[in-house]
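Student: My structure is below; once you've seen it, I'll send some questions.
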Amino acid sequence: MLYVWATALVVLNVCWLALVVMQLPGNWLMVLTTLLVAWWQWDQQMFTVGPLVAIVVLASVGEVLELFAGMAGAKKAGAGRWTPLAVLMGAIAGAIVGTFVIPIPVVGSLLGACAGACVGAAGFEMMGGRGHKAAFKVGVGAGIGQLMGSVSKLACGASIWAIVAVAAFWP
């Protein structure tokens with residue numbers, strides 16, 4: 001019966017990993033589901049503490065990377081002091097709008113977040129008095145940073161999935 005639960009967990013975590021691609025909290029759903037199964041099957045020793053701590057750390061790292069990558073991209077391109085906040089707001093709004101405007105699950109959310117970060121940064125820079133060229137440069141930096149953050153978060157999610165898959169079946 002333990003292998004049935006392990007198989008169900010690994011399959012469910014694939015679904016949660018797909019949510020990460022759509023800019024949703026799939027990594028945390030993988031962690032939550034795994035922790036619940038570990039707690040429920042604790043007497044069966046399905047998981048040890050090591051892999052559970054590792055997946056919590058990876059989920060946290062993925063969130064931090066995604067959160068700050070767009071901001072770092074804007075800063076590297078010469079953004080002003082408050083522009084990173086506009087990048088964050090733009091990425092969130094863009095992901096929501098992109099999901100509905102471009103109804104392709106992965107593409108809409110990802111492009112929306114990158115475009116939102118770009119528009120948020122460029123718009124904020126132009127409101128601050130910068131020229132179009134300099135503001136566009138900051139916006140592109142923010143968009144590329146957001147893309148890198150999303151890819152990093154997905155890599156953390158794939159690592160979480162692999163750790164859980166191995167640990168669930170490892171004797």
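Student: Could you give the length gained by full extension between residue 134 and residue 152, i.e. 0.36 nm per residue of separation minus their alpha carbon distance, to one decimal place? Could the numbers behind the result be given before it?
Tutor: Values: separation 18, 0.36 × 18 = 6.48 nm, distance 2.70 nm.
Length gained, residue 134 through residue 152: 3.8 nm.
Student: Relative contact order for the stretch 1-76: what is it in percent, counting Cα pairs under 8 Å that are at least 6 residues apart? Present the calculation step by step, with values, prior to reporting the outcome.
Tutor: Details: 32 pairs, mean separation 18.2, N = 76.
24 percent.
Student: Which FRET efficiency value, to the nearest 0.05, do you get for residue 60 and residue 126 by plugging their Cβ-Cβ distance into 1/(1 + (r/R0)^6) with R0 = 41 Å?
Tutor: Details: r = 35 Å, r/R0 = 0.84.
The pair residue 60/residue 126 has a calculated efficiency of 0.75.
Student: Can you order the peptides 97-103, 84-90 by their average number of other Cβ atoms within 10 Å per residue, highest first? Write down the numbers at each step before the final one.
Tutor: Numbers: 97-103: 15.3, 84-90: 23.1.
Going by the mean number of other Cβ atoms within 10 Å, highest first, we get 84-90, 97-103.
Student: In units of 2.2 N^0.38 Å, what is the alpha-carbon radius of gyration of the chain?
Tutor: Taking the Cα Rg and dividing by 2.2 N^0.38 Å, one obtains 1.22.
Student: Between 132, 36, 98, whose Cα lies farthest towards the positive end of the dipole of the chain when Lys and Arg beta carbons carry +1 and Asp and Glu beta carbons carry -1, centred on the Cα centre?
Tutor: Positive-end residue among those listed: 132.
Student: Another one. Can you work out the FRET efficiency for the pair residue 49 and residue 170, with r the C-beta to C-beta distance and R0 = 22 Å, to the nearest 0.05? Write down the numbers at each step before the final one.
Tutor: Values: r = 14 Å, r/R0 = 0.64.
It comes to 0.95.
Student: Given 10 °C and 1.306 mPa s, compute D for the stretch 37-114 with the Stokes-Einstein relation, Rh being the Kirkwood radius over Cα pairs; round to the nearest whole µm²/s. Can you show the working numbers first?
Tutor: Numbers: Rh = 15.1 Å.
Answer, rounded: 106 µm²/s.
Student: Now, a different point. Order of 161, 5 from fewest to most other C-beta atoms within 10 Å? Mind showing how you got there, number by number?
Tutor: Working: 161 22, 5 15.
In increasing order of surrounding Cβ atoms, one gets 5, 161.
Student: Highest first, please rank the peptides 47-55, 61-69 by the mean number of other Cβ atoms sitting within 10 Å of their residues. The partial results should precede the final answer.
Tutor: Values: 47-55: 15.7, 61-69: 18.8.
By packing density, highest mean first, the sequence is 61-69, 47-55.
Student: Please sort through the DSSP H helices of the chain and keep those with an alpha-carbon extent of at least 24 Å along the long axis and a Kyte-Doolittle average not below 0.5.
Tutor: Details: long enough: 2-21 (29 Å, 2.24); 49-76 (39 Å, 1.42); 83-101 (26 Å, 1.94); 105-127 (33 Å, 1.43); 132-169 (56 Å, 1.16).
Membrane-span-like by this rule: 2-21, 49-76, 83-101, 105-127, 132-169.
Student: Turning to a different aspect of this structure: In which sequence would 15, 118 go, from the one with the fewest C-beta neighbours within 10 Å to the one with the most? Walk me through the intermediate numbers first.
Tutor: Working: 15 12, 118 28.
Neighbour counts put them in this order, fewest first: 15, 118.
Student: So, in nm, how far is label residue 102 from label residue 7 when the simple model puts each one 7 Å beyond its Cα toward the Cβ?
Tutor: Simple spin-label model gives 3.8 nm for this pair.
Student: Still on this structure, please answer the following. With label points built 7 Å along Cα→Cβ from the Cα atoms of residue 162 and residue 15, find their separation and express it in nm.
Tutor: The answer from the label model is 2.5 nm.
Student: What percent do you get for the relative contact order of the stretch 1-146 when only Cα pairs under 8 Å and 6+ apart count? Don't jump to the answer; show the numbers that get you there.
Tutor: Working: 214 pairs, mean separation 33.6, N = 146.
Normalised by residue count, the contact order of the stretch 1-146 is 23 percent.
Laboratory data are not the source of any read-out in this text; all were calculated from the coordinates shown. Here the structure is a predicted model, which is why all the values come from computation and not from measurement. Backbone-built Cβ (ideal geometry, glycine too); neighbour counts: all protein chains shown.
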